[in-house]
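So the structure is just underneath, and the comments pick up after that.
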Amino acid sequence: MKKLLSLALLATMAMGAQAEEKKDSVNPNKPVFTTIKENKITSVKDQNRSGTCWDYSTLSFFEAEILKATGKTYDLCEAFVANKTYLERATQVVRYHGDCQFSQGGSAEDVLSTLKNHGICPEDAMPFPGSLYGDSLNNFNEFFSLLEPYVAAISKSTAKKISNQWKVGLQGILDAYLGKCPDEFMYEGKKYTPKTFVQSLGINLDDYVSITSYTHHPFYSSFAVEVQDNWRFPLSYNLPMDEMMRVIDNAVEQGYTIAWGGDVSEDGFTRQGLAYAIDGKATQSLRGSDMAKWLKMTATKKRDIIDSLGCNVPEIVPTQEMRQERFDNWELTDDHGMLIYGTAKDQNGKEYYMVKNSWGETGDYKGTWYMTKTFIAANTMDFLVNKNAIPKDIRKKLGL
């Protein structure tokens, strides 16, 4: 009986292998990756139906920083950061009488600010995401359908004076959907407050800086990148594009990760786990169609063409001028936060960054996206990095 079961299992495995080989042979252009450098990270999480990529990606960054510094693995609580951040963002909106945006989105600075001012707790010190309202993961649809009009009603009030009770009511909504942030908790047999816990993690919160690259501010100066989710107005150091990319490469090579923010709304960013900076003109030429036809294609049709070309898809050559033009005309937008943690190359020698997403173990690479260096150069808005990961000559120019 055992022999029959073993033979049956071997047959099944062989059929599966043949099926996989046949599947891959359908598209000989599917990239085959060789890892160049892979830094240690924590497990892939799932933000699900919530606009909290900024929260998940940046906490993942700090988890990787702690792992590098101490060898210890932590699962830090995204709900804690969201609870503190949404109250502070609402407070700003009310101070501006509604003349700024309140939304689910945010930036890496929101996480850093929370860690500095409020501390943090481990994931299991607060209710599991979605559990308070009967879901298995985050679902902010009902939550924000209450939160947004609440903030709008206060911030747009015609009253000559408002009471401070609106914060009590808002905190009640935050606690109902995210959970109440603990004043103290036990972790591995020891009692902590959120502030003493963050102090125990083995990292220096003053080590982190933001990097960007645009020409509407002088290089080697710092400025607040002009996007709505950058509502705290943190300063980013402004580098030429080639030096911005050197920072990323040096960081990865030295064992650091990068909390990356940028544009993933481009045609070349696929749900399968790949990202290319598509050269539309060259792509349509390869397919024997004119540019007008390419522009009229549905997103699904474009993706099919991009998938078929695979690692041979033509890419643009990004320039500083191109980055600035796309930022100013709204093409280059602040869509998503992810974690760069490694480098790889495909069978043609093209280089990619290995990037951890927060959509669960989806795509062909179970939550990792392979994004070409060209894509990152073209579509980076800004990123958070340990200042010790910056090349010494660039640090000197920035006065770090």
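What's the extension gain from residue 227 to residue 152 if we count 0.36 nm per residue and subtract their Cα-Cα distance?
Stretched out fully, the residue 227 to residue 152 stretch lengthens by 25.0 nm.
Between residue 347 and residue 99, 0.36 nm times their residue separation minus their Cα-Cα distance comes to what?
Working: separation 248, 0.36 × 248 = 89.28 nm, distance 5.11 nm.
Residue separation times 0.36 nm, minus the Cα-Cα distance, leaves 84.2 nm.
Could you derive backbone 3J(HN,Hα) for region 330-345 from the dihedral phi with the Karplus parameters 6.51, -1.76 and 1.60 (θ = phi - 60°), listing whole Hz in sequence and x where the residue is Gly or Pro?
Result, rounded to whole Hz: 6, 6, 8, 10, 9, 9, 8, x, 9, 10, 7, 9, x, 9, 8, 9.
Given the options 129, 234, 182, which has the most mean-square fluctuation in a GNM of the chain, springs set between C-alpha atoms less than 10 angstrom apart?
Among 129, 234, 182, the largest GNM mean-square fluctuation belongs to 182.
Pull out a ≥ b ≥ c, the square roots of the eigenvalues of the alpha-carbon gyration tensor of region 110-149, then state rounded if a/c is under 1.5, prolate if not and a/b is larger than b/c, and oblate in the remaining case. Provide the component values of the computation, followed by the final result.
Values: a/c = 3.32, a/b = 1.39, b/c = 2.38.
Judged from the Cα gyration tensor, region 110-149 comes out oblate (a/c at least 1.5, b/c at or above a/b).
For the chain, build the charge dipole from Cβ charges (+1 Lys, Arg; -1 Asp, Glu) around the Cα centre, then report which of 349, 164, 119 sits farthest towards its positive end.
Value computed over the given set: 119.
Would you calculate a helix-derived [θ] at 222 nm for the chain, using -39,500 (n - 2.57) for each DSSP H run of n ≥ 4 and dividing by the full residue count, to the nearest 500? Write down the numbers at each step before the final one.
On the way: 14 runs with 165 residues, N = 400.
After summing the helix terms and dividing by the residues of the chain, the value is -12500 deg cm²/dmol.
Measure off 7 Å from each Cα along the Cα-to-Cβ vector at residue 133 and residue 281, then give the distance between these two points in nanometres to one decimal.
With each label point 7 Å from Cα toward Cβ, the separation is 4.8 nm.
Hey, for a label at residue 159 modelled as a point 7 Å past Cα toward Cβ, could you say which residues of region 76-91 have their backbone N under 16 Å away?
Once the point is set 7 Å along Cα→Cβ of residue 159, 91 turn out to lie under 16 Å by backbone N, inside region 76-91.
Apply the Kirkwood formula to the chain: the hydrodynamic radius equals the inverse of the mean of 1/r over all pairs of different alpha-carbon atoms; give it in Å with one decimal.
Result for the chain stands at 23.0 Å.
Under a point-charge model restricted to the Cβ atoms of Lys and Arg (+1) and Asp and Glu (-1), what is the dipole moment magnitude of the chain relative to its Cα centre, in debye to the nearest 20? It would help to have the intermediate numbers written out before the result.
Numbers: 45 positive and 51 negative charges, 68 e Å.
For this selection, approximately 320 debye.
So what are the ³J(HN,Hα) numbers for region 209-216, from phi and the Karplus equation (6.51, -1.76, 1.60; θ = phi - 60°), rounded to whole Hz, Gly and Pro as x?
Result, rounded to whole Hz: 10, 9, 10, 8, 7, 9, 9, 7.
Label points 7 Å out from Cα along the Cβ direction at residue 242 and residue 215: separation in nm?
It works out to 1.5 nm between the two label points.
Could you do me a favour and compute the accessible area per residue for the chain, 1.4 Å probe, result in Å²?
Counting only protein heavy atoms, the per-residue value for the chain is 48 Å².
For residue 190, go through the aspartates and glutamates and keep the ones whose alpha-carbon is under 17 Å away, minus same-chain ones fewer than eight residues off.
75, 123, 124
Out of 346, 110, 304, any idea which swings most in a Gaussian network model of the chain, alpha carbons joined below 10 Å?
Comparing 346, 110, 304 in the GNM, the peak value goes to 304.
Evaluate Rg over Rh across region 131-213, taking Cα atoms for both radii and Kirkwood's formula for Rh.
Result: Rg/Rh = 1.10.
Within the accessible area of region 92-202, what % is carbon and sulfur when the probe is 1.4 Å and the other protein chains stay in place? Mind dumping the intermediate values first?
Working: 3080 of 6010 Å².
The nonpolar share, carbon plus sulfur, comes to 51 percent.
Among 212, 223, 234, whose Cα projects farthest towards the positive end of the dipole of region 161-265, with charges put on the beta-carbon of Lys, Arg (+1) and Asp, Glu (-1)?
The residue sitting farthest along the positive end of the dipole is 234.
For the pair residue 87/residue 43, report the inter-label distance in nm, with labels modelled 7 Å from Cα in the Cβ direction.
About 2.9 nm, to one decimal.
Under the 0.36 nm per residue contour assumption, what length would be gained going from the current alpha-carbon distance of residue 33 and residue 195 to full extension?
Numbers: separation 162, 0.36 × 162 = 58.32 nm, distance 4.19 nm.
Contour length minus Cα-Cα distance gives 54.1 nm.
Using only the alpha-carbon atoms, how far is helix 108-117 inclined from the longest principal axis of the chain? Give it as 0 to 90 degrees, nearest 10.
The two axes meet at around 40 degrees.
What size of dipole, in debye to the nearest 20, comes out for region 95-225 about its Cα centre when the only charges are +1 on Lys and Arg C-beta atoms and -1 on Asp and Glu C-beta atoms? Walk me through the intermediate numbers first.
On the way: 10 positive and 14 negative charges, 131 e Å.
With Lys and Arg at +1 and Asp and Glu at -1, about 640 debye.
Could you please state, rounded to a whole Å, how far the C-alpha centre of region 240-277 is from the C-alpha centre of region 51-118?
21
The values are calculated or read from the model by the stated rules, or taken from the named source; none is laboratory data. The model shown is predicted, which means the values in this text are computed figures rather than measured ones. Please note: Cβ atoms are built from the backbone with ideal geometry, for glycine as well, and neighbour counts cover all protein chains shown. Note: areas computed on protein heavy atoms with side chains; ligands, DNA, RNA excluded. Shrake-Rupley method; radii C 1.70, N 1.55, O 1.52, S 1.80 Å.
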